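Visitor: Sharing a structure, written as structure tokens. Questions coming.
The values are calculated or read from the model by the stated rules, or taken from the named source; none is laboratory data. Just so it is clear, the structure is predicted and the values come from calculations on it, not from any experiment. Reconstructed Cβ throughout: ideal geometry from the backbone, glycine too, with neighbour counts over all protein chains shown. Accessible surface areas use protein heavy atoms only, side chains included; no ligands, DNA or RNA. Shrake-Rupley method; radii C 1.70, N 1.55, O 1.52, S 1.80 Å.
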Amino acid sequence: MSFISYMDAALEEARAAAARGEVPVGAVVVAPSGEIVARAGNRTRETNDPTAHAEMLALRAACARLGSERLVGHDIYVTLEPCPMCAAAIGFARIRRLYYGAADPKSGGTSHGARVFSHPQCHHAPEVYDGIGAREAEALLKDFFADRR
């Protein structure tokens, strides 16, 4: 079986977030069948909700759609390395694989910073693959913040 990336769909969500004035981060949750079951971009400013990160919104939508708090066998594609909050939620949802684009040395929670999945308190750690679509994800973020400086 060959690898099929869904990062383009996550990048679409990141571009839509940027167009709304949000930090351009996008996420999609993919079922074992390959169907995208949820997609989202950041909405923290729009909703005045610090937890409205793309990953959190996509996980919530996928769980609601499937009627379960667990997404066993599902994968998530995110344009930026998840923060500690999102990494914990990904673990609690029992996501099978996390694919992310740009690394986040300042606020990341998987490969940097808290490294949530390496803690003994972590009950489930997905397989993690980084650098998928990293160049485009990094460019979106750099352009977004350059326009605000």
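Visitor: Condition first: open to solvent by 70 Å² or more (accessible area, probe 1.4 Å) and either closer than 27 Å to ARG70 by Cα or touching a residue at least 40 places away in the same chain (Cβ under 8 Å) (or both). Now tell me which residues in segment 114-142 satisfy that.
Guide: Listed by number, the residues that qualify are ARG115, SER118, HIS119, PRO120, GLN121, HIS123, GLU127, TYR129, ASP130, GLU136.
Visitor: What pairs come up if the first residue lies in segment 28-47 and is within 13 Å of GLU12 (Cα to Cα) and touching a residue at least 40 places away in the same chain (Cβ under 8 Å), the second is acidic (Asp, Glu) and not in a helix (DSSP H, G or I), and their beta carbons are under 9 Å apart, counting only those six or more places apart or on different chains?
Guide: Correct list of pairs: VAL28/ASP75.
Visitor: Sticking with this one: Look through ALA139, ALA134, ALA146, ALA125 and report the one residue that is more than 20 Å from MET56 (Cα to Cα), of a type in the set (A, V, I, L, M) and in contact with a Gly (Cβ under 7 Å, 6 or more places away or on another chain).
Guide: Within the list ALA139, ALA134, ALA146, ALA125, the selection yields ALA134.
Visitor: Could you check segment 94-123 and list, in sequence order, the residues that are aliphatic (A, V, I, L, M) and touching a Pro at 6+ places or on another chain (Cβ under 9 Å)?
Guide: Start the filter on segment 94-123 by keeping residues that are aliphatic (A, V, I, L, M), which leaves 95, 98, 102-103, 114, 116.
Once the filter is applied, which keeps residues that are aliphatic (A, V, I, L, M) and touching a Pro at 6+ places or on another chain (Cβ under 9 Å), segment 94-123 yields ILE95, LEU98, ALA114, VAL116.
Visitor: When you go through GLU46, GLU81, GLU12 one by one, which is the residue that is touching a Lys or Arg at 6+ places or on another chain (Cβ under 7 Å) and either surrounded by 22 or more Cβ atoms within 10 Å (Cβ to Cβ) or within 16 Å of PHE144 (Cβ to Cβ) (or both)?
Guide: GLU46
Visitor: Taking the stated definitions as given, is ALA58 open to solvent by less than 60 Å² (accessible area, probe 1.4 Å) and within 19 Å of SER33 (Cα to Cα)?
Guide: The answer is yes for ALA58.
Visitor: Would you mind finding the one in ALA14, ALA18, ALA87, ALA64 that is farther than 19 Å from ALA137 by Cβ and in a helix (DSSP H, G or I)?
Guide: ALA64 is the lone residue from the list that is farther than 19 Å from ALA137 by Cβ and in a helix (DSSP H, G or I).
Visitor: Further question on the same structure: Criterion first (among the basic types (Lys, Arg) and under 13 Å from the mean Cα position of the chain (by Cα)) does ARG97 satisfy it?
Guide: yes
Visitor: Tell me, which residue of segment 22-43 that is out of contact with any helix residue (DSSP H, G or I) (no Cβ under 6 Å at 6 or more places or on another chain) and farther than 22 Å from ARG97 by Cα is least open to solvent (accessible area, probe 1.4 Å)?
Guide: VAL23
Visitor: Output yes when any residue across segment 67-75 is open to solvent by less than 30 Å² (accessible area, probe 1.4 Å) and either within 23 Å of GLU136 (Cβ to Cβ) or part of a helix (DSSP H, G or I) (or both), and no when none is.
Guide: Yes, segment 67-75 has at least one match.
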